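Below is a structure I'd like to ask you about.
The values are calculated or read from the model by the stated rules, or taken from the named source; none is laboratory data. Just so we're clear, the structure is a prediction, and the values are computed from it rather than from any experiment. When we count neighbours, we look across all protein chains shown, and the Cβ atoms used for this are built from the backbone with ideal geometry, even at glycine.
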Amino acid sequence: MARNSLLPVKLTDSGRPVLSPNEIECFFLSGVDLLCEDEPNTWFPHLKSGLLILTTHRLIWLPDATASGNASSVPLASISQIFSHKKSLKSVFASPRVRFQVSPSPERGVATSGSRSVVVTAVLRGKGDCDAFVAKFWENWRARAWEEAESGTSSGSNAAAGAASASSGIYSSDGTVRMVGVSGILRKEQEMWESTDKSLQDAFQDLNALMSKAKEMVMLAEKMRLKLLSGPNSQTNATNDEEMGSKEEMQELLLSVGIISPVTKESAGALYHQQLSRQLADFVKVPLERSGGIINLIDIYCLFNRARGTELISPDDLLQACSLWEKFDVPIVLRKFDSGVMVIQNKSQSDEEVFTKIKVLVTKPDALRAGISPSDAAMTLGVAPAMAKEHLLSAESKGILCRDVSPDGFRFYINLFSEIERDDMYLVKDQGIYASWVRAIHAHG
Amino acid sequence: MQKLGEFKLPHFFNYPPYFTLQPVRDTREKQIQLWKELIIDYCKTHKIFVIGIDEEFPLFTNSLIERSLTHEAREAFLSALVSEGRAEWMDKGHRKCLILWHRVQEWADILLQFAKDNGLEDGVVTIEEIRFGTESHGTELHGIDRTILNRALKLLEQKGKLVVFKGTSTDDEGIKFSV
């Protein structure tokens with residue numbers, strides 16, 4: 001009998017579950033145990049204090065760093081019943097529990113002992129809104145999103161088979177008239193146009209509704225403002241104090257509108273950044289490779305948000321997500337240069353390599369004489385000029401380079417100071433970089 | 001090799017970063033070191049006793065590479081000399097700096113040597129004669145800065161090697177050696 005009969009979950013390098021197409025993560029809960037109370041120590045593994053993710057298709061359980069057990073999942077399809085949450089006096093003190101029945105469905109990979117259904121209990125030890133979770137659980141279970149995906153693929157294969165068998169007939173396999181020839185194309189165009197038009201109209205209707213509401217809201221706000229302004233003048237002295245009090249209250253109310261409920265942010269906070277951090281680690285790989293192993297944090301912010309489309313994150317969230325990398329085993333790090341510029345770079349990226357390249361660049365005869373600018377370095381190193389400047393500055397702080405600030409700009413030279421004899425300023429040793437420099441300036445004239 | 005008057009300039013005088021105050025500590029220390037030596041050498045060669053920080057000073061500008069020291073850099077280099085006892089600020093605003101390519105004690109020794117060489121062990125000499133007289137011609141004392149000379153005289157007076165007596169005017173001050 002298999003020890004763990006739940007479905008294994010594929011994880012990305014950063015430890016995020018690989019989702020199937022159309023699968024959306026809906027809810028995160030930390031500190032969740034999964035266990036089967038009916039049959040302890042049998043087929044169902046006891047999964048202790050992990051992260052429970054509810055998606056549209058599955059319940060995914062991921063182990064914490066400290067917890068034991070493998071990442072597992074229960075397809076919502078195999079759940080035959082979700083038991084309603086019992087409110088008892090006992091349940092007030094104990095950790096909330098959610099029970100659901102899993103039916104055996106070998107084709108989905110969930111095997112139970114024999115063919116009996118079992119009741120699985122999720123114990124929610126962590127903080128988190130249990131009721132909201134249950135509501136969402138029900139919603140997803142009823143929505144049967146997995147069926148859409150299945151019917152999509154199966155109808156696709158049916159259509160292909162149908163097309164092959166019924167290619168000579170005028171009816172297609174699903175009974176509609178097949179589109180043939182130019183008229184077919186035109187009709188298809190027409191249909192598409194009509195459906196686009198309809199969806200556009202729907203969209204505009206929604207928009208109109210929103211606009212009319214917005215107008216009302218603006219009017220309401222305006223009204224309140226006017227009332228507040230005119231308040232003191234129209235009142236008699238006797239009621240002034242009371243009015244002032246309510247006015248202040250009103251203003252406070254107005255101010256607080258639009259601020260995201262801090263409770264929500266608090267409760268979602270820790271997990272949100274953790275997941276964001278892992279997702280970001282996966283995302284960063286490609287752009288990082290393209291930009292030579294190091295990339296500006298601002299660039300990543302833009303790329304990441306563009307990839308996310310509408311669900312934009314704030315710079316602060318990004319920073320938090322990056323700073324969490326230290327705790328995970330990811331191959332990238334957030335690095336802050338002395339100038340304050342922050343970059344993301346591969347752990348394997350070594351400064352030595354960059355410094356060697358800079359040294360070679362800066363000891364060429366022309367560079368010896370006239371120095372190099374950040375853009376010269378950018379071309380050699382294959383990075384952005386701003387990035388190149390950071391490299392030059394850190395090479396400077398290592399004593400490899402030194403700077404020349406003049407009306408011509410900011411340039412870097414190989415550090416000759418360490419080469420010059422203190423006791424004999426006129427001495428130029430035959431060998432060494434100082435001699436090469438002297439030769440370079442004399443060759444130039 | 002480039003020259004400033006009689007003074008031979010080292011190669012690194014044409015190294016542009018030499019004229020930018022380096023921000024990295026180790027590099028800056030070495031840079032300051034080289035500047036200190038150059039300033040002292042130059043002043044000694046040209047008998048320059050006072051450097052005005054915002055005034056033209058040939059060393060602080062290199063027209064060949066079109067570089068010039070900033071005020072901050074000048075002050076940093078001169079301050080380094082001051083902290084070593086090889087220079088002194090003449091005012092609180094750090095605008096004028098007295099360069100002591102000989103320390104006051106060394107100047108005092110030179111004075112005594114001068115007295116011996118000219119048989120003045122018990123004799124009298126005016127300050128004017130020391131600074132611009134024929135006796136001092138060709139010695140380091142010729143053209144010596146008044147402030148420095150006074151300091152050296154005071155030092156010797158404390159040791160009882162000489163007495164400074166005043167004449168009718170400041171130009172008229174005299175010294176009686178008693179070596």
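Within region A:412-427, which residues are touching a Lys or Arg at 6+ places or on another chain (Cβ under 7 Å) and more than 7 Å from every other protein chain (Cβ to nearest Cβ)?
A:F412
In this structure, is A:L288 part of a strand (DSSP E or B), touching a residue at least 12 places away in the same chain (Cβ under 8 Å) and surrounded by 17 or more Cβ atoms within 10 Å (Cβ to Cβ)?
Criteria not met by A:L288.
Considering region A:428-445 alone, what residues qualify as being part of a loop (DSSP other than H, G, I, E, B) and facing chain B (nearest Cβ under 9 Å)? Before the answer, list the steps.
Filtering region A:428-445 down to residues part of a loop (DSSP other than H, G, I, E, B) leaves A:428-432, A:445.
Within region A:428-445, A:V428 is the sole residue that qualifies.
Name the residue, out of A:P385, A:P407, A:P365, that is surrounded by fewer than 17 Cβ atoms within 10 Å (Cβ to Cβ) and in contact (Cβ under 8 Å) with a residue 60 or more places away in the chain. Walk me through it before giving the result.
Values: A:P385 fails: in contact (Cβ under 8 Å) with a residue 60 or more places away in the chain; A:P407 fails: in contact (Cβ under 8 Å) with a residue 60 or more places away in the chain.
That would be A:P365, the only listed residue that is surrounded by fewer than 17 Cβ atoms within 10 Å (Cβ to Cβ) and in contact (Cβ under 8 Å) with a residue 60 or more places away in the chain.
Restricting to region A:311-359, count the residues that are in contact with a His (Cβ under 8 Å, 6 or more places away or on another chain) and without any contact (Cβ under 8 Å) to a residue 12 or more places away in the chain.
So the answer is 0.
Out of A:V438, A:V341, which single residue is assigned by TED's automatic domain parsing to the domain that holds A:G293 and surrounded by 16 or more Cβ atoms within 10 Å (Cβ to Cβ)?
When all the criteria are applied, what remains is A:V341.
Let me ask something else about it. In region B:40-61, what residues are more than 13 Å from chain A (Cβ to nearest Cβ), crowded, with 19+ Cβ neighbours inside 10 Å and closer than 15 Å to B:L9 by Cβ?
Scanning region B:40-61 gives B:C43, B:F60.
Same structure, new question: Hey, among A:G293, A:G309, A:G399, which residue is more than 25 Å from the chain's Cα centre (by Cα) and on the phi > 0 side of the Ramachandran plot?
The unique qualifying residue is A:G399.
Would region B:23-31 turn up any residue that is more than 9 Å from chain A (Cβ to nearest Cβ), in contact (Cβ under 8 Å) with a residue 24 or more places away in the chain and not in a loop (DSSP other than H, G, I, E, B)?
Taking every residue of region B:23-31 in turn, none turns out to be more than 9 Å from chain A (Cβ to nearest Cβ), in contact (Cβ under 8 Å) with a residue 24 or more places away in the chain and not in a loop (DSSP other than H, G, I, E, B).
From the list B:E72, B:E6, B:E37, which residue is of a type in the set (D, E), farther than 23 Å from A:W437 by Cβ and within 13 Å of another protein chain (Cβ to nearest Cβ)? If you could, list the steps in order and put the result at the bottom.
Working: B:E6 fails: within 13 Å of another protein chain (Cβ to nearest Cβ); B:E37 fails: farther than 23 Å from A:W437 by Cβ.
Among B:E72, B:E6, B:E37, only B:E72 is of a type in the set (D, E), farther than 23 Å from A:W437 by Cβ and within 13 Å of another protein chain (Cβ to nearest Cβ).
When you check B:E6 against the structure, is it more than 13 Å from B:L69 (Cα to Cα), of a type in the set (D, E) and touching a residue at least 40 places away in the same chain (Cβ under 8 Å), yes or no?
Considered against the rule, which asks whether it is more than 13 Å from B:L69 (Cα to Cα), of a type in the set (D, E) and touching a residue at least 40 places away in the same chain (Cβ under 8 Å), B:E6 comes out as yes.
If I ask for residues that are more than 8 Å from chain B (Cβ to nearest Cβ) and either among the charged types (D, E, K, R) or part of a loop (DSSP other than H, G, I, E, B) (or both), which ones from region A:364-406 would you list?
A:K364, A:D366, A:R369, A:S373, A:D376, A:G382, A:V383, A:A384, A:K389, A:E390, A:K398, A:I400
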